[in-house]
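K.L.:
Before I ask anything, here is the structure I am working with.
Nothing in this text is a laboratory measurement; each read-out follows from the coordinates by a stated rule. Because the structure is predicted, anything quoted here is derived from the model rather than measured. Please note: Cβ atoms are built from the backbone with ideal geometry, for glycine as well, and neighbour counts cover all protein chains shown.
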Amino acid sequence: MIEAYDLSKEFNGNFWAVEGVSLNVQAGQILALLGQNGAGKTTTVRMLNALLTPTRGWARVAGYDVIKNPQEVRSNVGVLTEQHGLYVRMTGDEYLDYFGRVYRLSAEKRKARAVYLLDYFGLTEAAKRRTGEYSKGMKQKLAMARALIHDPAVLLLDEPTSAMDPEASRLARDEIARLKSSQRTIIICTHNLVEAETLADHVAIIYRGKILLSGALDELKRQVLGAAEYEAKFAESYDAEALDLPAGVEIVARNATRLRFRIESPQTTNPSLVAALTSRGARVVSFYEVPRTLEQVYLRTMERAQETTYAE
Amino acid sequence: MRNNWDGIWLVARREFVDQFRDWRIIAPMIIMIGLFPFIADANTREAINFMNRYGGDLILERLVPFVVLVIGFFPLAFTLGVALEAFVGEKERGTIEPLLNSPLTDSQIYLGKLLVGIATPLIASYLSTGLYLALLLRRAVTFPSAYILLLILLLTFAHAVLMVSSAIIISVQATSIRAANLLASFVVMPVAFILQGETTLIFWGDEEVLWYAIVAVTLLSGLLVRLGLAHFRREYLLGREIDTLNLKRLARLFSDRFTGKAKGIFNWYREELPLTLAQLRTPLLIVITISAVAVFASYGWTIVQIPAYITITPERAEELRAYALSNASSLEMISSQLPAPVLFYHNARAILAIFLLGIASFGVLGLGLFLVNMGLVGGVLGAAKLIGFSPLLTFFAGVAPHGVFELTAFFLATAAMVKAGAQLVTPQTERSMGETLIVSIADWCRVFVGIVLPLLAVAAMIEIYATPYILKAAFGL
Ligand SMILES: Nc1ncnc2c1ncn2[C@@H]1O[C@H](COP(=O)(O)OP(=O)(O)O)[C@@H](O)[C@H]1O
Ligand SMILES: [Mg+2]
C-alpha cells in the first residue's frame, strides 16, 4: 500500500520540484502518474522509495514510513528506474544474481526467480552475454526483471516500456496486470496514455510539481469531459423534433441518421430514452456510449493548466 | 553484524570483479607491477657495482628499504582512480540508482567501495614490492630485516588507507569523474610529502618514529572515513548540477551565519556572540585541560632532560641569569624594535595558522600546533627554573599580565577550531559537506573577529608597554 500526504521536495533551496502531492494506492490497484517531462514524476517516485528525503510531508509505503524506516521501505519496494542503470560488464545472469543477493534472497530463490524472469522476458539466451551488448529494449527488460527479482509488495515503475518494442511492452504490460491481480500495489509513470488506460484504475496528473487531478479513471472522465455521451444510429433518416427528451438528456450533435446525446445519469435515463425513441418510430440500429479516452482527459487538463498558468 | 559485513562484501566483490574485466585498469596495473621492480632491480645492480668499487655497503643497505617503500608507493598512486571513480563513476554511468534503491545501508555501500578502493592498490603495491624483493634475493646485498619489511608493509598500508579514504570522499562529493581526477593531486601530493619524510627516517635508521607515523596516518584515515560516512547522502549522488560552484550562495550562507539575526554591532555582541560562545564550553574545557598538561609536561621535561644534555654549573647559571637580567633591564626598549601592531599581527597569524591546519585535519594538526605553543611556555618556565629564577614569579610577572588576554584569546580560538573540526566529522542532516565547512568557518570567524582580535590587541599593548616594567619591578631591577 502507498499513502502519501503533502509530499514536497525543494531542490537547492529555491526550486520546488514536487509540491503537496497526496496519494493513496491500495493493494491490487495501479496508479498511473502522468505528466510532462520535468513535471516531478521521478522525484515523487524517488521520495516514495526513500531515496530523496521529502522537504515536507510524509509517506508510508508497504507499511513503513519513508523517513523513519527507509531501509524497510527499500526492502519491500521494486523500482524500475528511468535509466536502466545496468552494469555493462556483467552478464544478465550475474546481474540478477547480484541483486538477488542484495535483496537477501536465498540461493534457491535467487535462481528460481532469475530463471522465471529471464524466461518470461525472453532473455534466457542473452543471459550469458554481457549486458553492454544488449539492445535498449533488452536492457529495459532486464532492468524490469531486476525490479521484480525479490517479488516486492510495492512496485514503482518509471516509464517501464519507453524503449521496448510492441511485443516486449505487451509482455511487460501483461506481467504488470498479473502482479496487480496478485494484490501488488503499483505506481507507473508513463507517457503512453493507452498503456495507462489499459492498466491503471487510478490516474494522477502532475503538472509543475503539483497534482492537478487524481481519481478513478471513469470519475475523471466525467469530471473533465462532462457527462457521458451516447450515440443512436438509425436505419433511416429520423426527425428528432417530435422526441420528448427525459430530464438530464441533451442533444449535442445530429445528422440524418444519427443523434448524439449528453446524458447526466445514464443508469436511470437510458432505458426510458431508448423506449421513447422506439415508441416515436425511430428504427434504432445501435445505441452506444461514445468512447472517451484518457488521452482526451489528459490533453484537456493540460490545456486548462497552461491557460491558467499564462493567465497568472 | 554478520549481515552488515555481507552487504559490504557484496558491494566490494562486484566492483572488484568488475574492474578486472576492464583492460583500462588491468593493463596499467600489470605494467606498474611488472615493469617497475625490474627497472628498480636494474638500478640496484648498477648501484651495487658502483658501491663495490668504493666500498659503501652501508649506504646500499640503507638504500634498499628506501627503494622498497618507493616501489610500494607508485602502484598506490596509479590505481587511486578506482577509489576516485567509486561513486562519481557510477553516477556518471547511471548505475548508481539501482544500488541506492536497494536495502543496502549507507555504510555498507560506503565501506564496500572503500574496501575495493584499498584492496586494489594494496594488491598491486604488494605484488610489486614482492617481485622486487624476489629479484633482490639474487643480488649480493644484505636483505632487509623482517622488522624493516613489516614496517614498510604497514607504512604502505597506511598510505593506501589515507589516500583512498580521501579519494572516496572526493568521489562522493565530486560532480563529475573529470573533477574527481583533477582533485587527485590534492591526495597524492601530501602523501608523497609524508613519504619523503619517511624515506629520510628510514635512511637514517630512525625506525621508531615511523611507528608514530603509522599510528597518526591510520588515525587520520579513520577520521576521514568518519567524515565521509557522516556526509554520505544518497540524495547528492542523484544531484544534477555539473561542476558549478555557486559562490554567491556560499557567500550568502557565510554572511547569514556570521551576522545571525543581529540588527547592529551591539546587538550582535549581546545576542549572537554569546550563542556561539555557549557552544564552546566543552571544547574550551578540553583545550584548557590539555594545554595545562602540555605546560607541565614540557616544564617537567625541560628541568629533567636539559641537565642531562647540558651541564649547568652554578657559575654558568649565574652567567645566564645575569645575561637574562641585563636583557630584561633593557626590555622597555622593545617597543621601538617590536611595535605592538607587529606583535599583534604575529599572534593573529599564529591563531589563523592553527585554524587552517585544524580545519584541514578535523582539529588534530591545529591542536598539535597549539600544544607546541603551550609547550614553549612550559619550556621557558623550565629554563627560568634551571638558571635559578622562580618559575611562578616568572609566570606571574612575565606571562600573566598580557597572558590573561593573550592566552584567553588562544584558548577561545583553539576551542572554536576544535568545534569546527568536530562539526565537520559529525553527521549533518540538512547541510552538505561544503555548507558545513562554510558554517564552521563562519562560526570560527565570529569568535575570531568578535573577541579574539580585540583580546590580542589588548595583550599586545600590555606585553610591549607594561610587561617589561612589571618584570623589572618583580626582579628588582
Ligand atoms: N537532483 C536534482 N537536483 C535539482 N533539480 C532536480 C533534481 N532532480 C530533478 N530535478 C528537477 O525537478 C523537476 C522534476 O524532475 P523529474 O521528477 O525528473 O520530472 P519527470 O520525471 O516528471 O520528468 C525538473 O525540473 C528537474 O530538472
Ligand atoms: Mg522522469
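K.L.:
Counting other Cβ atoms within 10 Å, keep those with at most 13, restrict to DSSP loop, and tell me which GluC sites (Glu not before Pro) in the range A:178-243 are left.
P.N.:
Values: sites: A:GLU195, A:GLU197, A:GLU219, A:GLU229, A:GLU231, A:GLU236, A:GLU241; in loops: A:GLU236.
Of the GluC sites (Glu not before Pro), the ones in loops of the range A:178-243 whose Cβ has at most 13 other Cβ atoms within 10 Å are A:GLU236.
K.L.:
Would you please calculate the Kirkwood hydrodynamic radius of the range A:226-289 over all C-alpha pairs and express it in Å, rounded to one decimal?
P.N.:
For the range A:226-289, inverting the mean 1/r across all distinct Cα pairs yields 11.6 Å.
K.L.:
In degrees, nearest 10, range 0 to 90: what is the angle between the Cα axis of helix A:136-148 and the longest Cα principal axis of chain A?
P.N.:
80
K.L.:
Largest first, please: the extent of the C-alpha atoms of the range B:248-474 along each principal axis, to the nearest Å.
P.N.:
67, 36, 25
K.L.:
Hey, another quick one. What is the Cα radius of gyration of the range B:2-239 over 2.2 N^0.38 Å, N being its residue count?
P.N.:
Ratio of Rg to 2.2 N^0.38 Å for the range B:2-239: 1.11.
K.L.:
Would you work out the charge dipole size for the protein assembly as shown about its Cα centre, treating the Cβ of every Lys and Arg as +1 and the Cβ of every Asp and Glu as -1, and quote it to the nearest 20 debye?
P.N.:
That gives the protein assembly as shown a dipole magnitude of about 340 debye.
K.L.:
Label points 7 Å out from Cα along the Cβ direction at A:ASP165 and A:GLU133: separation in nm?
P.N.:
Going by the 7 Å Cα→Cβ label model, 1.8 nm.
K.L.:
Now, a different point. Among B:ALA119, B:THR175, B:ALA360, pick out the residue whose Cα is farthest towards the positive end of the charge dipole of chain B, where Lys and Arg carry +1 and Asp and Glu carry -1 on C-beta, about the Cα centre.
P.N.:
B:THR175
K.L.:
I would also like to ask the following. Using amide H atoms built 1.01 Å from N in the peptide plane, name the residues 5+ places from A:LEU80, or on other chains, whose amide H lies under 5 Å from its own.
P.N.:
For A:LEU80, the qualifying residues are A:LEU156, A:LEU157, A:ASP158.
K.L.:
To one decimal place, what Kirkwood hydrodynamic radius in Å is obtained for the range A:1-115 from all pairs of distinct Cα atoms? Don't skip to the end; give the middle numbers.
P.N.:
Values: mean 1/r = 0.0634 Å⁻¹.
Kirkwood radius, the range A:1-115: 15.8 Å.
K.L.:
Now, a different point. Hey, what do the phi angles of the range B:309-323 turn into as Karplus ³J(HN,Hα) couplings, whole Hz, using 6.51/-1.76/1.60 and θ = phi - 60°, x for Gly and Pro?
P.N.:
Computed from phi, the couplings for the range B:309-323 are 9, 10, 7, 9, 6, x, 5, 4, 4, 4, 4, 5, 4, 4, 4 Hz.
K.L.:
If you put +1 on each Lys and Arg Cβ and -1 on each Asp and Glu Cβ, how big is the dipole of the range A:2-221 around its Cα centre, in Debye rounded to 20?
P.N.:
Here the range A:2-221 has a charge dipole of around 620 debye.
K.L.:
Grab the other residues whose beta carbon is less than 10 angstrom from that of B:LEU201, score K and R as +1, D and E as -1, and report the net.
P.N.:
With Lys, Arg at +1 and Asp, Glu at -1, the neighbours total -4.
K.L.:
I need the Debye-formula profile for chain B: one equal scatterer per C-alpha, no solvent, reported as log10 I(q)/I(0) at q = 0.06, 0.07, 0.09 1/Å, two decimals.
P.N.:
-0.39, -0.53, -0.82
K.L.:
Turning to a different aspect of this structure: Roughly what angle does helix B:177-204 make with the longest principal axis of chain B, taking Cα atoms, 0 to 90 degrees, to the nearest 10?
P.N.:
So the inclination is approximately 70 degrees.
K.L.:
If you don't mind, another one. Which lysines, if any, have their Cα less than 27 Å from the Cα of A:LYS233, not counting same-chain residues under 8 positions apart?
P.N.:
A:LYS221
K.L.:
Given the -39500 (n - 2.57) contribution per DSSP H run of 4+ residues, what per-residue ellipticity at 222 nm results for chain A, rounded to the nearest 500 deg cm²/dmol?
P.N.:
-11500 deg cm²/dmol
K.L.:
Are there trypsin sites (Lys or Arg not before Pro) in the range B:166-244 that DSSP puts in a loop and that have at most 11 other Cβ atoms within 10 Å, and which ones?
P.N.:
Taking the range B:166-244 and a limit of 11 other Cβ atoms within 10 Å, the loop trypsin sites (Lys or Arg not before Pro) found are B:ARG240.
K.L.:
Which net charge results for the neighbourhood of B:PHE411, defined as the other residues with beta-carbon distances under 13 angstrom from its beta-carbon, given Lys and Arg at +1 and Asp and Glu at -1?
P.N.:
Net charge around B:PHE411: +1.
K.L.:
Now, a different point. Which GluC sites (Glu not before Pro) from the range B:143-248 combine a DSSP loop assignment with at most 14 other Cβ atoms within 10 Å?
P.N.:
B:GLU241
K.L.:
Relative to the longest principal Cα axis of chain B, at what angle does helix B:433-447 sit, 0 to 90 degrees, rounded to 10?
P.N.:
Approximately 0 degrees, to the nearest ten.
K.L.:
Using a 10 Å cut-off around each Cβ of peptide A:85-93, what is the average number of partner chain Cβ atoms that fall inside?
P.N.:
Mean partner-chain Cβ count within 10 Å for A:85-93: 4.
K.L.:
Would you list which lysines come within 17 Å of A:LYS141, measuring only between C-alpha atoms, while excluding same-chain residues fewer than 8 positions from it?
P.N.:
Output for A:LYS141: A:LYS128.
K.L.:
In deg cm²/dmol and to the nearest 500, what is the mean residue ellipticity at 222 nm of chain B if only DSSP H runs of at least 4 residues count, each as -39500 (n - 2.57), divided by the residue total?
P.N.:
-26500 deg cm²/dmol
K.L.:
What do you get for Rg/Rh of the range A:68-164 when both radii come from the Cα atoms and Rh is the Kirkwood radius?
P.N.:
Values: Rg = 12.7 Å, Rh = 13.3 Å.
Value, to two decimals: 0.95.
K.L.:
Give me the lysines in straight-line cross-link reach of A:LYS9: C-alpha distance below 24 Å, same-chain residues under 8 apart excluded.
P.N.:
Within the straight-line limit of under 24 Å, A:LYS9 reaches these lysines: A:LYS41, A:LYS68, A:LYS210, B:LYS91, B:LYS248.
K.L.:
Shifting gears a bit: What does the net charge come to around B:LEU135 if you take all other residues with beta carbon closer than 12 Å to its beta carbon, with K and R at +1 and D and E at -1? The partial results should precede the final answer.
P.N.:
On the way: positive: B:ARG45, B:ARG138, B:ARG139; negative: B:ASP41.
It works out to a net charge of +2.
K.L.:
Sticking with this one: Pick out, from A:VAL252, A:SER272, A:ALA232, the residue whose Cα sits farthest towards the positive end of the charge dipole of the range A:226-289, with +1 on the Cβ of Lys and Arg and -1 on the Cβ of Asp and Glu.
P.N.:
So the residue furthest toward the plus end is A:ALA232.
K.L.:
May I pose another question? Farthest toward the dipole's positive end in chain B, which of B:GLY7, B:LEU247, B:ALA230, given Cβ charges of +1 (Lys, Arg) and -1 (Asp, Glu) about the Cα centre?
P.N.:
Farthest along the dipole direction, towards plus: B:LEU247.
K.L.:
With +1 on each Lys and Arg Cβ and -1 on each Asp and Glu Cβ, and nothing else charged, work out how big the dipole of the range B:1-141 is about its Cα centre, in Debye to the nearest 20. It would help to have the intermediate numbers written out before the result.
P.N.:
Values: 13 positive and 13 negative charges, 74 e Å.
Its charge dipole is roughly 360 debye.
K.L.:
Over the range B:146-249, how many percent of alpha carbon pairs lie in each 10 Å bin up to the one with the longest distance?
P.N.:
14, 37, 27, 15, 7, 1
K.L.:
Taking the Cα atoms of the range A:2-221, report the difference between the largest and smallest coordinate on each principal axis, in whole Å and largest first.
P.N.:
45, 37, 32
K.L.:
Percentage of Cα-Cα pair distances in the protein assembly as shown greater than 37 Å, rounded to whole percent?
P.N.:
61
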